[in-house]
Amino acid sequence: MTSIFRGIWVVAYRELVRFVSERSRLISSFAMPLIFLIVFGAGFSRMIGTLVPGVDYVQFIYPGIIAMTVLMNSLMSGVSVVWDREFGFLKEILVSPLDRRGILLGKASGSATVAVLQGMMMLLLAPLLGIPISFKMIITLIPVLFVISVSISSLGLLIATRMRSQQGFQMIIQLMIMPLIFLAGVFYPVNNVPLVMEIISKVNPLTYGVDAIRQVFLGSTETSVIGVTVFGHTMSILDNILLVAAFGFILLSLAAVSFNRSD
Amino acid sequence: MPAVSVEKLSRIFGTLKAVDSVSFEVNRGEIFGFLGPNGAGKTTTINMLCTLLKPSSGKATVNGYDIIKQQAQVRRSIGLVFQDSSLDEYLSAEQNLLFHAYAYGIPGKERKKRINELLELVGLKDRRKSKVRTFSGGMKRRLELARGLLHEPEVLFLDEPTLGLDPQTRHHIWQYIRQLQNKNNLTIFLTTHYMDEAENCNRITIIDNGQIIALDTPAKLKDCVGGDLVTLKAEDNRTAITELKQKYRVEPLFENGSISFYVPKGEEFIAQLVFRFESRLLSINIRRPTLDDVFLKLTGRAIRDEEASFQDQLKQASRQRMRGR
Ligand SMILES: Nc1ncnc2c1ncn2[C@@H]1O[C@H](COP(=O)(O)OP(=O)(O)OP(=O)(O)O)[C@@H](O)[C@H]1O
Ligand SMILES: [Mg+2]
């Protein structure tokens, strides 16, 4: 048991040390969410106006943009596994007495910590966009972002356990990232779209992550059109988080099996 | 209890038998060498012994721990220097060692002390804060050696520890290795295809195509060649060969314009030969057998022909490129 915990903190610690020494990553992971925020926010906000009383379009997409920042950073966990494999450092990790599950959890929580930090930095934009934030929001946001981030990290890790090259991994991630983001209810409420899109969106676990973040900022959406309804039940913030956590747990278990089996 | 005990260990990749039913034992405190050409199965064997690769069949124990059932114990008791660099190039030398110390749970006070000692030992103390990517190949190799020793393993596996290093650094590394063996009674399992290095081992296993073809001390292995190697050139090589065969009962080999053969007690033989030989001699050379000769004798080919050393260069070049990125 202790070797699991040691695995988690040792591996997470290295991820953080690495992150601090690589500043380019900091900038690049902000670029895409910011571009989306500016293009979509400025492009549509005047046309769309308010979606529900008190919520304009920028306020609606802003939580989704935070989710996007978290998503981009979380997938780095997988990048770092493939990177370590390519440069040999993974062997150093694998022959050490650290538990394999601990190693994976360490990768996931290391990149989740970075992702939460980056997500929190997006909060600096809130005053510029006229979005009110309170201390309570910030405190709630941290665990919410962490759970979402660990789950998405697990997805990155699962793919990474099967990949041998950086290029291969990047290809798959590029293929996945767009549908994940566009079909997650970042830019439109998922209850009000054509059926096919609605189904895909509701299968996409990121949808629930986005909804959870949104509810942190806009309060409960259970009674409004911008909420997420599954089988007639509108998700609360806790429902969302539990669902995302369950999804993460399954992915992480699969990743552990796959990691153990790979030579 | 032997330090390493291997019984009919095999590993198959597809249809290729990379390691084919090898059995051997490594005694405590000895330097045990694995010698063989490229692709012989040396690295594959090490990977199995250090639990990175599952054997296709067979059994092995390291420090008495089963490599399949007791992986955690095996990992805790061994140190490793891989054939290819396994450092984090974006961390400093010290950070690499720190990571290792944390991973092996070395307690705080010990940690500082040992890291200092080892950095001193490998001569990297004044570069401790530098990022590893700014190190030369030899410096990286020395850092890896320091890292492998940090948690005081009982068995140290070194996969071609001196590949691509200059003679001076090779000499240094060998000095450490012998020092460690004497001081700490450390068992060292190493692979190499440098014959001259293999001579430093207490015992050597020669492996070819995944199979062990010889296992003994360097001296005994050289004995099996059958004496010293004499190489000579004569004005008329053909008559010289006939004469050698008839009068001296040796089996000469004619290659590249010179005649060579093995005889016991080479010096005495030459004195006789110079005195009595009828064909006119142009040159004579005598040397003690090396492990190269052993390999040649056992397999009929040289361990490092042109092609092999060319492959080596390629390997080096591609490694350099990987690191350069
Ligand atoms: N992961 C792998 N998949 C397929 N074949 C492999 C794999 N690893 C090694 N081999 C093959 O197994 C054989 C033995 O390889 P190994 O790396 O053990 O050789 P080696 O003795 O260490 O050689 P070298 O001196 O070049 O390091 C080679 O023919 C190699 O191609
Ligand atoms: Mg090898």
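Here are some notes:
- The one condition in (1) at pLDDT below 95; (2) away from ligand 2 (no atom under 16 Å from the Cβ); (3) not charged (D, E, K, R) that B:Cys50 fails to fulfil: (2)
- Residue count, the range B:84-110 (criterion: surrounded by fewer than 21 Cβ atoms within 10 Å (Cβ to Cβ), in contact with a Gly (Cβ under 7 Å, 6 or more places away or on another chain) and within 16 Å of B:Pro153 (Cβ to Cβ)): 0
- Failed condition for B:Phe157, given (1) assigned to a helix (DSSP H, G or I); (2) within 21 Å of B:Phe189 (Cβ to Cβ): (1)
- Consider the range B:178-208 and keep the residues that are in a loop (DSSP other than H, G, I, E, B) and away from ligand 2 (no atom under 14 Å from the Cβ). The one that is nearest to B:Leu156 (Cα to Cα) is B:Leu186.
- Residues that are of a type in the set (A, V, I, L, M) and under 21 Å from B:Val26 (Cα atoms) within the range B:134-167 comprise B:Leu145, B:Leu149, B:Val155, B:Leu156, B:Leu158, listed in sequence order.
- Neighbours by Cβ (under 8 Å, 6+ apart or cross-chain): first from the range B:71-96, at the interface with chain A (Cβ under 8 Å from one of its Cβ atoms); second small (Gly, Ala, Ser) and not in a loop (DSSP other than H, G, I, E, B): B:Ala72/A:Ser3; B:Leu80/B:Gly148; B:Tyr90/A:Ser21; B:Leu91/A:Ser21
- Only listed residue being assigned by TED's automatic domain parsing to the domain that holds B:His193, more than 16 Å from ligand 1 (Cβ to nearest atom), touching a strand residue (DSSP E or B) at 6+ places or on another chain (Cβ under 7 Å) and not aromatic (Phe, Trp, Tyr), chosen from B:Gly148, B:Gly41: B:Gly148
- Residues of the range B:221-277 satisfying the condition of being aromatic (Phe, Trp, Tyr) and within 31 Å of the chain's Cα centre (by Cα): B:Phe254, B:Phe261, B:Tyr262
- Checking each residue in the range B:199-220 for being farther than 22 Å from B:Asn285 by Cα and among the hydrophobic types (A, V, I, L, M, F, W, C) picks out B:Cys201, B:Ile204, B:Ile206, B:Ile207, B:Ile212, B:Ile213, B:Ala214, B:Leu215.
- Among (1) in contact (Cβ under 8 Å) with a residue 40 or more places away in the chain; (2) crowded, with 19+ Cβ neighbours inside 10 Å - the single one B:Asn185 does not satisfy: (2)
- Enumeration of residues in the range A:16-57 that are within 11 Å of chain B (Cβ to nearest Cβ) and either part of a helix (DSSP H, G or I) or among the aliphatic types (A, V, I, L, M) (or both): A:Val17, A:Arg18, A:Phe19, A:Val20, A:Ser21
- The test for being of a type in the set (A, V, I, L, M, F, W, C) and surrounded by 21 or more Cβ atoms within 10 Å (Cβ to Cβ) does not hold for A:Ala246.
- Residues located in the range B:32-44, provided they are out of contact with any helix residue (DSSP H, G or I) (no Cβ under 6 Å at 6 or more places or on another chain) and at negative phi: B:Phe32, B:Ala40, B:Lys42, B:Thr43, B:Thr44
- Looking only at residues of the range B:153-171 that are touching a residue at least 40 places away in the same chain (Cβ under 8 Å) and more than 16 Å from ligand 2 (Cβ to nearest atom), we find that the one that is surrounded by the fewest Cβ atoms within 10 Å (Cβ to Cβ) is B:Glu154.
- Residue within the range B:62-75 that is under 23 Å from B:Val122 (Cβ atoms), among the hydrophobic types (A, V, I, L, M, F, W, C) and away from ligand 2 (no atom under 13 Å from the Cβ) present: no
- Every residue from the range B:13-38 that is in contact (Cβ under 8 Å) with a residue 40 or more places away in the chain, small (Gly, Ala, Ser) and in a loop (DSSP other than H, G, I, E, B): B:Gly29, B:Gly36
- Residue match in the range B:10-22 (condition: more than 30 Å from B:Tyr176 (Cβ to Cβ), surrounded by fewer than 20 Cβ atoms within 10 Å (Cβ to Cβ) and within 11 Å of chain A (Cβ to nearest Cβ)): yes
- Lone unmet requirement of (1) touching a helix residue (DSSP H, G or I) at 6+ places or on another chain (Cβ under 7 Å); (2) in a helix (DSSP H, G or I); (3) within 16 Å of ligand 2 (Cβ to nearest atom) for B:Leu145: (3)
- Some residue of the range B:126-140 being surrounded by 18 or more Cβ atoms within 10 Å (Cβ to Cβ), within 16 Å of ligand 2 (Cβ to nearest atom) and within 14 Å of chain A (Cβ to nearest Cβ): no
- Of the set (1) within 17 Å of B:Met195 (Cα to Cα); (2) of a type outside the set (A, V, I, L, M); (3) modelled with pLDDT under 80, all apply to B:Arg287 but (3).
- Restricting the search to helices (runs of 4 or more DSSP H) fully inside the range A:88-203 and requiring at least 3 residues that are surrounded by fewer than 18 Cβ atoms within 10 Å (Cβ to Cβ) gives A:100-121, A:126-129, A:135-160, A:166-182, A:195-203.
- Filtered by the rule that a residue be within 11 Å of another protein chain (Cβ to nearest Cβ) and away from ligand 1 (no atom under 16 Å from the Cβ), the range B:151-161 gives B:His151, B:Pro153.
The values are calculated or read from the model by the stated rules, or taken from the named source; none is laboratory data. Keep in mind that what you see is a predicted model, and the values were worked out from it rather than measured. Every residue, glycine as well, gets a Cβ built from its backbone with ideal geometry; the counts of neighbours run over all protein chains shown.
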